[in-house]
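J.: The structure that follows is given in the form of structure tokens.
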Amino acid sequence: MNNKWNKKNAIWMVVYAVIYAVFTVLVCVLGAIHPVMFVCYQITAGILLSGVTFYAFRRIQAPGCAAIFSLMIILLFVIIGDAVPWHVIPVVVIGVLAEAGRFLCKYKWNGDVISTVIMSFSTFGYYGQIWFNRTYTYECAVEEMPEGYADTLMAVSPFWSLIAVLIAGVALSVAITAVTAKIFTN
């Protein structure tokens, strides 16, 4: 647990950011398997991203961790050709909010938990379009996914499902954070 940036912390942060990006890709891949999994993106993100995020925040109690995670996601969007404002702006906002949470809580436990939950939403712009940009989502699903995926996606994503997914995603992020804390921290 170090509150200063040094070579060792920088190297560890790169490792955490790469793991974060790999898990983000895994969440995306799972979403492509079935429309229900895409609707449940936030739940999967809460499960897969929270442990590495919280562990990084606890290990490096200095400013910039959330920004590095956000930069890694933006780099990922650039690599896959999806670095559009609808995707990038939420990543930037989430990164700023997570950094602010950690700063306001003086890089202590509560701030790291809150910021971990916030960071689990880092790609909300990517999947939030299901509810806020339905026509675009439908068109992309018709173009990119197997036949029937788009219609099923629209059928399984009524607006109320957004609230259910957000509640479940936050709860699972907090639970994974608690498990991570129990396993890896003192």
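J.: Kindly establish whether residue 49 is touching a residue at least 60 places away in the same chain (Cβ under 8 Å), of a type outside the set (Val, Ile, Thr) and part of a helix (DSSP H, G or I).
T.: Against the criterion (touching a residue at least 60 places away in the same chain (Cβ under 8 Å), of a type outside the set (Val, Ile, Thr) and part of a helix (DSSP H, G or I)), residue 49 qualifies.
J.: Output the helices (runs of 4 or more DSSP H) that fall wholly within the stretch 110-168 and possess 1 or more residues being among the small types (Gly, Ala, Ser) and open to solvent by 50 Å² or more (accessible area, probe 1.4 Å), or say none.
T.: 149-155
J.: What pairs can you find where one residue is in the stretch 8-34 and open to solvent by 70 Å² or more (accessible area, probe 1.4 Å), the other is basic (Lys, Arg), and their Cβ atoms are less than 9 Å apart, with a gap of 6+ or different chains?
T.: Pairs that qualify, where the first residue is open to solvent by 70 Å² or more (accessible area, probe 1.4 Å) and the partner is basic (Lys, Arg), are 12/59.
J.: Any chance the stretch 138-153 includes a residue that's in contact with a Lys or Arg (Cβ under 9 Å, 6 or more places away or on another chain) and hydroxyl-bearing (Ser, Thr, Tyr)?
T.: Taking every residue of the stretch 138-153 in turn, none turns out to be in contact with a Lys or Arg (Cβ under 9 Å, 6 or more places away or on another chain) and hydroxyl-bearing (Ser, Thr, Tyr).
J.: Any chance you could count how many residues in the stretch 176-186 are free of Cβ contacts under 8 Å to residues at least 24 places away in the same chain and either in contact with a Leu (Cβ under 9 Å, 6 or more places away or on another chain) or in a helix (DSSP H, G or I) (or both)?
T.: So the count comes out to 3.
J.: Residue under question is residue 31, and the condition is that it be within 23 Å of residue 163 (Cβ to Cβ), part of a helix (DSSP H, G or I) and touching a Gly at 6+ places or on another chain (Cβ under 7 Å); does it hold?
T.: Criteria not met by residue 31.
J.: Give the residues of the stretch 35-46 that are touching a residue at least 24 places away in the same chain (Cβ under 8 Å) and in contact with a Gly (Cβ under 6 Å, 6 or more places away or on another chain), sorted by residue number.
T.: Within the stretch 35-46, 38, 41, 42, 43, 46 meet the criteria.
The values are calculated or read from the model by the stated rules, or taken from the named source; none is laboratory data. These numbers come from a predicted model, not from an experiment. Cβ sites come from the backbone with ideal geometry, for glycine too, and all protein chains shown count toward neighbours. When the accessible area is computed, the model is the full protein with side chains, heavy atoms only, and any ligands, DNA or RNA have been set aside. Shrake-Rupley method; radii C 1.70, N 1.55, O 1.52, S 1.80 Å.
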